[in-house]
1. Full-extension gain between L6 and Y137, please, as 0.36 nm times their residue separation minus the C-alpha to C-alpha distance.
2. I want to check the label-to-label distance for L115 and T23. Put each point 7 Å from Cα in the C-beta direction and report it in nm to one decimal.
3. Quick one: pull the percent of accessible area on the stretch 1-79 belonging to carbon and sulfur, 1.4 Å probe, ligands and nucleic acids left out.
4. What order, most packed first, do the peptides 10-22, 116-128, 73-85 have when packing is the mean number of other Cβ atoms within 10 Å of each residue?
5. Run the numbers for L69 and E30: contour at 0.36 nm per residue of separation, minus the present Cα-Cα distance, in nm.
Amino acid sequence: MKLSSLEEYGLRCLLRLARGGATKSLTIEEISQAEGVTPPNVAKIMRIMRRGGFVESLRGQNGGYTLALTAQEIVVGDVLEVLGGRLYDPNFCEHFVGSEDSCLHESSNCSIRSLWNRVQSAVDEVLRQTTLADLAYEPVTADSPSPIVISDVT
């Protein structure tokens, strides 16, 4: 359960485009230099983002990438889903069965699985409420008040 570099860099590349404004396009090289991500990685990310409908590519001398939607319309949860999926994979427990063929807790009430499901629900709620505009124009710090309200997830 962790974010991949693809998800981290993907969000950073989209934020770079959002901060550039709706009319300014950026090349792979410009994004690469600004974010410290190699050009091949930026190219891969932009290809995924284009297929996901988040960016548009323009050819020519003034070409590059722009957001396909406004920053207010791009939900962080949707971006992370396109880049790699959820933090908690429902098949997570199958990867950690120990020395057995299947999880010993598979048929019983597994408190660990319910914990991961609750964590995923809380994360999903935050990610569904956060747009690219929230991140691009108001950096979130540990002591800043959050506009996101998380309800009791049980």
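The values are calculated or read from the model by the stated rules, or taken from the named source; none is laboratory data. All of these numbers come straight from a predicted model, not from anything done at the bench. Quick reminder, even Gly has a Cβ in these numbers, built from the backbone with ideal geometry, and neighbours come from all protein chains shown. To get the accessible areas, we keep the full protein, side chains included, count just its heavy atoms, and leave off ligands, DNA and RNA. Shrake-Rupley method; radii C 1.70, N 1.55, O 1.52, S 1.80 Å.
1. Extra length available between L6 and Y137 comes to 44.9 nm.
2. 5.4 nm
3. 47 percent
4. 10-22, 73-85, 116-128
5. 12.0 nm
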